[in-house]
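In what follows, a single structure is set out as structure tokens and then discussed.
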There are 2 protein chains.
Amino acid sequence: MAGQAIKIELNAVIVAVAGSDPQILIDPSLALPSGPFETGHRTLEQGLRNWAKSKSDQPLGYVEQLYTFADRDRTTGSQRVVSIGYLALVRATPTTEMIWSPWYRHFPWEDHRKGVPPVIAKTIMPGLNAWKAAAPDAAAKRDRAQRITVAFPKDMRHWNEELVLQRYELLWEAGLADETMKGGKAKSAGLGVAMAHDHRRIVATAMARLRAKIKYRPVVFELMPDAFTLLQLQTTVEALAGLRLHKQNFRRLIEGQGLVEETGAMTTGAAGRPAQLFAFRREVFAERAAIGTKLPRSS
Amino acid sequence: MAGQAIKIELNAVIVAVAGSDPQILIDPSLALPSGPFETGHRTLEQGLRNWAKSKSDQPLGYVEQLYTFADRDRTTGSQRVVSIGYLALVRATPTTEMIWSPWYRHFPWEDHRKGVPPVIAKTIMPGLNAWKAAAPDAAAKRDRAQRITVAFPKDMRHWNEELVLQRYELLWEAGLADETMKGGKAKSAGLGVAMAHDHRRIVATAMARLRAKIKYRPVVFELMPDAFTLLQLQTTVEALAGLRLHKQNFRRLIEGQGLVEETGAMTTGAAGRPAQLFAFRREVFAERAAIGTKLPRSS
DNA sequence: CCCACTTATGCTCCTTTTGAGCATTATTAA
DNA sequence: TTAATAATGCTCAAAAGGAGCATAAGTGGG
């Protein structure tokens, strides 16, 4: 049984998008906002919301539980910490003590909007190949080779933007992303800015979840203002996915799904033809619970 | 801070499929197998695996963390319990003290393989409509109406088999699925066999997750024997999804994805033309990390 | 006012994927 | 031999997805 005391901690990955940068809220010591689990709350989520409102001044919008971590070799100190990770989406607002940190600062290899990031060829692949070569036996070597191919495919058309966590864990195992801090400064062999404890892993989990989710649930709108152009929407999705999208087809997709409605207003002042301003149609929740099935149903 | 003691408990929804019945492992008191979190383990999942191996004699195959629950009004007794739910898939084997319980016994409204279950029209809709009518104000009424329509659509072609949890919570809120036990026997207004504590909710979470997952990850194979016919595979998927599938298109889907390979052997003795026996191609993990994107990627 | 540039928006074409169902084949049971 | 039961092959049409051309409507600078 548990002789050791267990502490439960809530960690929140609070995401906002500013222009074309997804950002996460961290404190100056590169740690995620976190707090103890208060037994007074009715549910975990409620506890998180209350705590977030009191601590930062971010009232959380969309909230989703991510994962509960309790790895012994990842937590610091003597006390066993069980950390429950949450993903929260908010519309960006200024903060006091906290910092909005662009998430690609911590994951530079995940941003493929301007082509394949050079760090992959320059640092990551050599590092991973060395790690593969150092495998203890042939089976391990095959396994490592396979994981590398899946996470960082040779042909970048096969890049799967959802595999954020697998990639991070791969880099971590290969010793390319350890979170050792150098006097408060990030290290990590140049592979992005490290974070406190295992927080970068939690962020990776959040990124993966969010990148997957935007494809089948209209969660992006939680990050948008009330009225927005389709380009702004596309830019936000591109920012999250780390990919460029086809403009006309993106429009067709969004409009075809009836996710938005025209507000009647137009943009003004910017370069180019003025764009219509759209608003999210909240009714979609009522209409289409069915999102996408992949099974060949009959009858 | 936490003045109250917190206990961490692992709950496992262990699923197997026997013929055309998905089953979960429970004990005679209708509780999921569960055990305390031992601080000695390296990770939560490892703890679960060790515990499962010692307690039941099920060596767990595929394991996935589901959700961490800590609702105050759902836990019993004075001590606050945080329960971490897991989904595990195993190939059915006999058990000692535990019982394999068909999951549709607890969720009769979820099995649409033989048409819409009568319990929906007979009990559920009247109950939900009464609950809707009893809404305190107009806004709440609209909200309830909407949730009902999404979970139990008028037109059953819009039935979304993934919404297991939403449906269960709806029924629970409407008082149609409360877990009050009558002398160890199930009650619940005829709506399926109740379970201990909030375990039916955990099972609902597991069902929802599994139904979603079989669509984009080859997890069904964890439930299949080494060699199987495509019909057996289809039957298993249908059992999980609670839906009938189109046979030829199912075959096309599976073969087209290269998920299986012929073993060369055929079935014998059964009625009808003998079927080929197939085996899961484990190489698919190596080949196709990319499963399905829904974003209109460019370049 | 005209021109270069920029973004918005409409549409077409072609390829793939899905949905539905017909037809044929190979066994067992009567 | 016939009926019943499954397996398997194939076709056809509809829907969804990928790529790109063409046109419209602004801004900014001569």
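The values are calculated or read from the model by the stated rules, or taken from the named source; none is laboratory data. Everything numeric in this text was worked out from a predicted model, so none of it was measured. Don't worry about glycine lacking a Cβ; one is built from the backbone with ideal geometry, like all the others, and counts go over all protein chains shown.
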Q.
From the list A:Thr205, A:Thr229, A:Thr149, A:Thr235, exactly one residue is away from chain B (no Cβ under 14 Å) and of a type in the set (Ser, Thr, Tyr). Which is it?
A. A:Thr229
**Q.** Verdict on B:Gly192 being part of a loop (DSSP other than H, G, I, E, B) and either among the hydroxyl-bearing types (Ser, Thr, Tyr) or more than 21 Å from the chain's Cα centre (by Cα) (or both)
**A.** no
Q: Evaluate the following for A:Thr149: is it under 18 Å from the mean Cα position of the chain (by Cα) and part of a helix (DSSP H, G or I)?
A: no
Q. In the range A:237-279, how many residues are within 30 Å of A:His158 (Cβ to Cβ), among the basic types (Lys, Arg) and out of contact with any strand residue (DSSP E or B) (no Cβ under 9 Å at 6 or more places or on another chain)?
A. 3
Q. Can you name the condition, by its number, that A:Phe221 falls short on among (1) within 16 Å of DNA strand D (Cβ to nearest atom); (2) within 30 Å of B:Glu162 (Cα to Cα)?
A. (1)
Q) Is it the case that the range B:269-289 has a residue that's closer than 30 Å to A:Leu231 by Cα, at pLDDT below 95 and within 11 Å of DNA strand C (Cβ to nearest atom)? A) no
Q: Filter the range A:216-226 for residues that are within 13 Å of chain B (Cβ to nearest Cβ) and surrounded by fewer than 18 Cβ atoms within 10 Å (Cβ to Cβ) and give the result.
A: A:Tyr216, A:Arg217
Q: Go through the range A:250-284 residue by residue and tally those that are touching a residue at least 12 places away in the same chain (Cβ under 8 Å), within 11 Å of another protein chain (Cβ to nearest Cβ) and within 24 Å of B:Leu163 (Cβ to Cβ).
A: 3
Q | Which listed residue is at pLDDT below 95, surrounded by 21 or more Cβ atoms within 10 Å (Cβ to Cβ) and of a type outside the set (D, E, K, R), from A:Ile24, A:Ile99, A:Ile8 | A | A:Ile8
Q) Quick one: which of A:Thr95, A:Thr68 is closer than 30 Å to A:Arg49 by Cβ and in a loop (DSSP other than H, G, I, E, B)? A) A:Thr95
Q. For the range B:80-102, which residues satisfy the criterion of being of a type outside the set (A, V, I, L, M, F, W, C) and in contact (Cβ under 8 Å) with a residue 40 or more places away in the chain?
A. B:Arg80, B:Ser83, B:Gly85, B:Tyr86, B:Arg91, B:Thr93, B:Thr95, B:Thr96, B:Glu97, B:Ser101, B:Pro102
(Q) Need the failing condition index for A:Leu295 against (1) touching a Phe, Trp or Tyr at 6+ places or on another chain (Cβ under 7 Å); (2) facing chain B (nearest Cβ under 9 Å); (3) away from DNA strand D (no atom under 14 Å from the Cβ), just the number. (A) (1)
Q.
Condition check: modelled with pLDDT under 95, in contact with a Ser or Thr (Cβ under 7 Å, 6 or more places away or on another chain) and either polar (S, T, N, Q) or closer than 26 Å to A:Leu66 by Cα (or both). Does A:Leu259 satisfy that?
A. no
Q: Report whether or not B:Ala139 is surrounded by 12 or more Cβ atoms within 10 Å (Cβ to Cβ) and of a type outside the set (Ser, Thr, Tyr).
A: no
